[in-house]
Every structure is written in structure tokens, then in C-alpha cells.
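Please read the structure below before turning to the comments.
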Amino acid sequence: MISYDKTKIREALTTDIVFDMLVEFGGEPQYSNFGIISQTICHNKPGEGSRKLYYYDNTGLFHCYTGCGDSFDPFQLVIKVANIQWGRTYDLNDAIRYVAVRYGINIEADTQNDSDLNDWLILNKYNRIQSLDLKDYHVKLKPFDDDILDKFNYKVKIKPWLDEGISQEAMNLAKIGYYAGGAQITIPHYDKDNDLVGIRGRTLDKSEAETYGKYRPLIIGSQQYNHSLGMNLYNINHSQENIRQAKCAIIFESEKSCLKYQSYFGVDNDISVACCGSNISMWQLQLLLDVGAKEIIIAFDRQFQEIGDDEWKHWTQHLTNLNNKFKNYIDISIIFDKNMITGYKDAPIDDGVDKFLKLWKERIKL
Ligand SMILES: [Zn+2]
């Protein structure tokens, strides 16, 4: 029986790793002043629970304020999720192994003189084989009736988006509309089978955007048209055939970037998807593998102000983590605007086609 040191792995679990686990599990986490707020995926399936699962930085513990009513550590969360989502019975050792392997937590340096070292090497080898098994990452989200889309206005011109270079043709294809009831631009999300799985609203009201964020799930009456963003990729319904042929996909953060890509390069050349955030989940990777991608290009916003600042350190670490997470499964390159030719927090495609092509050519491999 392989033994290993739970404490050491626990110490290596940064809040960012815990955040990424929650992304993986479909909890749609958000950072907060005490740690992280997530859906209660401890006792619900993704998309079904409230946002009452809190993670506290200072204790390294979760607390579920509804169903579980209990505190537990990240390994216990893995055990719960394995049961609910994967139909598997994990013990503590399985959970520790899952975390160590998934996040490449390597404690060899600390155990040079430790008799556990050999166990670790064996474990790592075993786990590498295990981790190549992606079969847990297929999911079909529950579709909404797309009659709801008839409620929106498609005649109104969405001038801010047109001004940014998004063509009316791209907006028509994506069924971008306007919901007067919420003063929101409506962005329907489809899965690869072309089923409507969610609708996001983007508010045009500045003060509201500051309070609630620019994007929100659309709520009409008592129905909330949200979905687990990490379990689908926006625009996959349109780009999958091109991705299959090109064997390559480009992953943007936001829906608008896909629309710009289509506007610049045409629907027939569209290989873009949006992960709707700055994380990519294993579900999303699985989806790209399923449609035949052999290579992904990560094209995220420039989230640093100057080389070497704190944001830059955080951002390069984040991209490195993503690279490490996926490199065994797919070829990865990353658009990284080190010369800062685009604006702060701009997507690489926000500042025109020439700059985008330059960044594309200079994309890096880690
Ligand atoms: Zn719970």
C-alpha cells in the first residue's frame, strides 16, 4: 500500500488551486475578501445548488451553509464530488492522489531524505497513467426551450458592439438580441448539439455593471437562464466543423471575442470558442478533444500593467498552471502580449486584426 503525506500536499494547496478545483467541479467560484464563494457542489450537481459553499483562506476549510451544514477540507470535497458527479466511491487516499496528480504537486524536493520518496515516485508514475483517462469529463447540460428567444428584440442595432468591429452578420448568426425588461444584450449559449443551454445578459447600464458585473445570467420571471459555464464552450456549435478540419482551436475569454473573430475572418474560418472567464476546465478540454482539436491556442486578455508587476506574476503563474494541467493531453500555445501592443485588460482581438495577427504569430509555447 502506498503511503503519502496528506499534510504536505495540504500545505501546497494554494487558494488558486482550490479555485481551479471548484472550476473543474462546476462550482463557478468567485474570489471574495475571505477566500472563495462557490455553488454548493458538495451536495448538489453543478448548476443546481445555491452559492452557499464558502472557502476560507485562513483555515483552508470549506463551510457549506445549506445542505451539509458542515466544515470540511478540499480532500473531503473531492470525495463528495466523486460520489455525486462521477458515481465513484473515493477514500481519502484516492482524493489526495487526485489532487496531487491533477495539480502536479511535487513534494520530491522536501522528501530527499525521506523514506517516502520511493513511494512518491511509484505513485507519480501510476498516477500519470490514471490521469490520462478523461472519461469522467463528458456532460450534457439540460437544455432550455428556445422559444424564450422570441421574447427578445433583434431589430435594435447594438451600436457599441458594431462600433467595436462586430459585424451585424456575426450578431445575427449568434442570435444576439436585446431584452428591454432587463436592459440587457442577450447572448444565447448553445452546446455542440445546438441545444440552448443558457443565456447570458450583458448590461449596458454603467452603475449596474459596477455593482453586479457586466455579465449576468438572464432572469425572466422566476426562470434563471444560467448554466455551468465551465461545462460548455461558447460558439462550439458554430466552430466545431472548422476545428475538426484545422485540428486547432483558439480559446478566448469572452463571447464578444468569438464574434469579432468571425467578423474579421469569416464564419467559414471560425475556429474560436470562449471559455467565459480566465479558466479552462477539463470538461472544456474534453469537448475540444471530442471535436478533433489537437492543438489549442489560449488567447486571454492582457491582465497585467507592466512586466514584472504583481499582476504579471500572478498572470504568468496562472498561464503556467493551465499549461501544466493540459500539456499531457493536447498541444498548447499561448498568446502573450509581452510588448503590450494591446490595451490593459483587452482581448488580443480587441485592437484590430493587424495586432491580433502579430500576437498570433508571436504566440509562445511553455
Ligand atoms: Zn453542502
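Is one or more of the residues making up the stretch 112-125 closer than 25 Å to M231 by Cβ and either modelled with pLDDT of 90 or more or loosely packed, with under 14 Cβ neighbours inside 10 Å (or both)?
Initially, the stretch 112-125 is screened for residues closer than 25 Å to M231 by Cβ, giving none.
Within the stretch 112-125, none of the residues are closer than 25 Å to M231 by Cβ and either modelled with pLDDT of 90 or more or loosely packed, with under 14 Cβ neighbours inside 10 Å (or both).
Based on what the data block shows, is R102 more than 11 Å from the ligand (Cβ to nearest atom), closer than 28 Å to Y329 by Cβ and charged (D, E, K, R)?
Numbers: more than 11 Å from the ligand (Cβ to nearest atom): yes; closer than 28 Å to Y329 by Cβ: yes; charged (D, E, K, R): yes.
Against the criterion (more than 11 Å from the ligand (Cβ to nearest atom), closer than 28 Å to Y329 by Cβ and charged (D, E, K, R)), R102 qualifies.
If you go through the stretch 73-92, how many residues are under 19 Å from E28 (Cα atoms) and aromatic (F, W, Y)?
2
Just give me the residues in the stretch 11-37 being open to solvent by 40 Å² or more (accessible area, probe 1.4 Å) and in a loop (DSSP other than H, G, I, E, B), in sequence order.
Passing the criteria: T14, E28, N33, F34.
Would you please name the residue that is nearest to the chain's Cα centre (by Cα), looking only at residues in the stretch 229-270 that are open to solvent by 20 Å² or more (accessible area, probe 1.4 Å) and of a type in the set (S, T, N, Q)?
In this case the residue turns out to be S254.
Using beta carbons and a limit of 7 Å, which pairs, at least six apart or on different chains, have the first residue in the stretch 23-41 and farther than 20 Å from L322 by Cα and at pLDDT 90 or above and the second one of a type in the set (A, V, I, L, M, F, W, C) and in a strand (DSSP E or B)?
Hits for this filter: S38/L53; Q39/L53; T40/L53; T40/C64; I41/L53.
Give me the pairs: first residue in the stretch 67-87 and among the β-branched types (V, I, T), second residue open to solvent by less than 50 Å² (accessible area, probe 1.4 Å) and away from the ligand (no atom under 11 Å from the Cβ), beta-carbon distance under 6 Å, and six or more apart or on different chains, which are they?
Sorted first by the residue in the stretch 67-87, then by its partner, the pairs are V78/A95; V78/Y98; I79/Y90; I79/A95; V81/F25.
Tell me, please, whether a residue that is within 22 Å of the chain's Cα centre (by Cα), open to solvent by 40 Å² or more (accessible area, probe 1.4 Å) and either of a type in the set (S, T, N, Q) or closer than 16 Å to I36 by Cα (or both) can be found in the stretch 64-82.
no
Might you check whether a residue that is within 14 Å of the ligand (Cβ to nearest atom), open to solvent by less than 60 Å² (accessible area, probe 1.4 Å) and basic (K, R) occurs anywhere in the stretch 38-55? Give the derivation first.
Filtering the stretch 38-55 for residues within 14 Å of the ligand (Cβ to nearest atom) gives 38-46, 48-55.
Checking the rest, the ones that are also open to solvent by less than 60 Å² (accessible area, probe 1.4 Å) come to 38-42, 44, 46, 49-50, 53-55.
Among the residues that remain, those that are also basic (K, R) are: none.
No, that holds for no residue.
Tell me whether the stretch 308-326 contains one or more residues that are β-branched (V, I, T), part of a loop (DSSP other than H, G, I, E, B) and more than 16 Å from the chain's Cα centre (by Cα). Talk me through it step by step, then tell me what you get.
Let us first name the residues in the stretch 308-326 that are β-branched (V, I, T), namely 316, 320.
Now restrict to residues that are part of a loop (DSSP other than H, G, I, E, B): none.
Looking for residues that are β-branched (V, I, T), part of a loop (DSSP other than H, G, I, E, B) and more than 16 Å from the chain's Cα centre (by Cα), one finds none in the stretch 308-326, hence no.
Checking I84 against (1) more than 14 Å from the ligand (Cβ to nearest atom); (2) touching a Lys or Arg at 6+ places or on another chain (Cβ under 9 Å); (3) aliphatic (A, V, I, L, M), which test does it fail?
Only one criterion in (1) more than 14 Å from the ligand (Cβ to nearest atom); (2) touching a Lys or Arg at 6+ places or on another chain (Cβ under 9 Å); (3) aliphatic (A, V, I, L, M) is unmet by I84, namely (1).
Against the conditions (1) surrounded by fewer than 18 Cβ atoms within 10 Å (Cβ to Cβ); (2) touching a residue at least 60 places away in the same chain (Cβ under 8 Å); (3) under 20 Å from I187 (Cβ atoms), where does N328 fall short? Just the number, please.
(3)
Has the stretch 59-78 got at least one residue that is within 13 Å of the ligand (Cβ to nearest atom) and assigned to a helix (DSSP H, G or I)?
yes
The conditions are (1) farther than 29 Å from S50 by Cβ; (2) not in a helix (DSSP H, G or I), and R244 fails exactly one of them. Which is it?
(2)
The values are calculated or read from the model by the stated rules, or taken from the named source; none is laboratory data. Note that the coordinates shown come from a computational prediction; the quantities given were computed from them, not determined experimentally. Note that we place each Cβ from the backbone using ideal geometry, even for glycine, and neighbour counts take in every protein chain shown. Quick note on the areas: whole protein, heavy atoms, side chains included, nothing else; ligands and nucleic acids left out. Shrake-Rupley method; radii C 1.70, N 1.55, O 1.52, S 1.80 Å.
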